[in-house]
Amino acid sequence: MSWEQFVYFAVSALVLWAIGAFSAWKGKAMTAYFSTFAGLVVFLCFIVSMWISLERPPLRTMGETRLWYAFFLPLAGLMVYSRWKYCWILAFSTILATVFVGINLLKPEIHSKTLMPALQSPWFAPHVIVYMFAYALLGAAFLMSIYLLFTTSPWLGRISEGKTARRQGKAAEAALAESGKQPSVSETSMSHVDNLVYVGLAFMTVGMLFGALWAKEAWGHYWSWDPKETWAAVTWLAYLTYIHYRLQPRHRQQTALWLLVIAFVLLQMCWWGINYLPSAQGSSIHTYGGGCPPFPSSDLQKLSASVPFRLHNGHRRRTNS
């Protein structure tokens, strides 16, 4: 399987996801389930075929990670729809998946079969896959927070109620202005957002643990405050801040939703934004697959290969002594 066949799988999956999203809007749950699931199977077939043809997991470059994100978004949308019957979530997840698929179609990459020694760890694939699923769940939480902020915006509420007031007379309009009434988010909707954040943060935590085990095997240490690791810690703390704020007896729902928006922006910075930071260029060990390598790949391979060599020599010296 080569990248040239991606367009056929991608278009087929997007059509099926679109049918599922439309069926959800029309209240046809079974059609929505079947179409969305069929699209996931089609897309997964391409990922598995790429895995077999490359003889490695397709997780090295940004384009390959976008494949997983485009796959996990409809999966997370399907989980949310099956649990809480939000008819709009399938449409939003399909739109976002279309964006990532479109980027891959417009910006194809050269996929090499070779992996540098650091990426040949058994912890590499679980680390990235778990992280991508966490990103999809937290992306669904972000979509819900934007939706709730939009539908409960005081400005939008005043526009809607202002139209009603104008129909009922100026006396009602004056009463509305004095009341300062603001629409609120239902606690049921907030609990749905909380559940997505709980599960997403749990997977992110597991992904960080897998990453620490991978780093220990590849570079000899669990954590080194690399720019990527630093932003991952900041993102993790941002979502933890949201959870703790929500657990406070006195909290504002609008503030909690804005905390989620900020946390998702930090997540994007952790995922791909650090590739463009000057602090990551030449120092980060996480920019080899994002199109902005800190130094030539041959040098990076030598560096990665030298770590186990040095560890082996150190062990031999200790044994001889």
*Please work out the Cα convex hull volume for region 1-119 and give it in Å³ per residue.*
89
_Integer Hz, Karplus 6.51/-1.76/1.60 couplings in order for region 137-148, x for Gly and Pro_ = 5, 5, x, 5, 5, 5, 4, 5, 5, 5, 4, 5
*What ranking do 197-203, 246-252 get when scored by the average of other Cβ atoms within 10 Å per residue, highest first?*
197-203, 246-252
*Could you work out how far apart the two model spin labels at C45 and V206 are, taking each label as a point 7 Å from the Cα in the direction of the beta carbon, and quote it in nm?*
2.8
_If I stretch the segment between E4 and L237 completely, what's the gain in nm (0.36 nm per residue apart, minus their alpha carbon distance), one decimal?_
79.8 nm
*asked:* Viscosity 1.567 mPa s, temperature 4 °C: give me the Stokes-Einstein translational D for region 178-253 in µm²/s, with Rh taken as the Kirkwood radius over C-alpha pairs.
replied: 87
_Vicinal HN-Hα couplings computed from phi for region 44-49 (Karplus, 6.51 cos²θ - 1.76 cosθ + 1.60; Hz; Gly/Pro x)_ = 5, 4, 5, 4, 5, 5
*Go through 91-99, 68-76 and give me the packing order, highest mean Cβ count within 10 Å leading.*
68-76, 91-99
*Evaluate the relative contact order of region 69-129 (contact order divided by residue number), counting alpha-carbon pairs under 8 angstrom at least 6 apart; express in whole percent.*
31
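Laboratory data are not the source of any read-out in this text; all were calculated from the coordinates shown. Because the structure is predicted, anything quoted here is derived from the model rather than measured. Here Cβ is always computed from backbone atoms with ideal geometry, including for glycine, and neighbour counts include all displayed protein chains.
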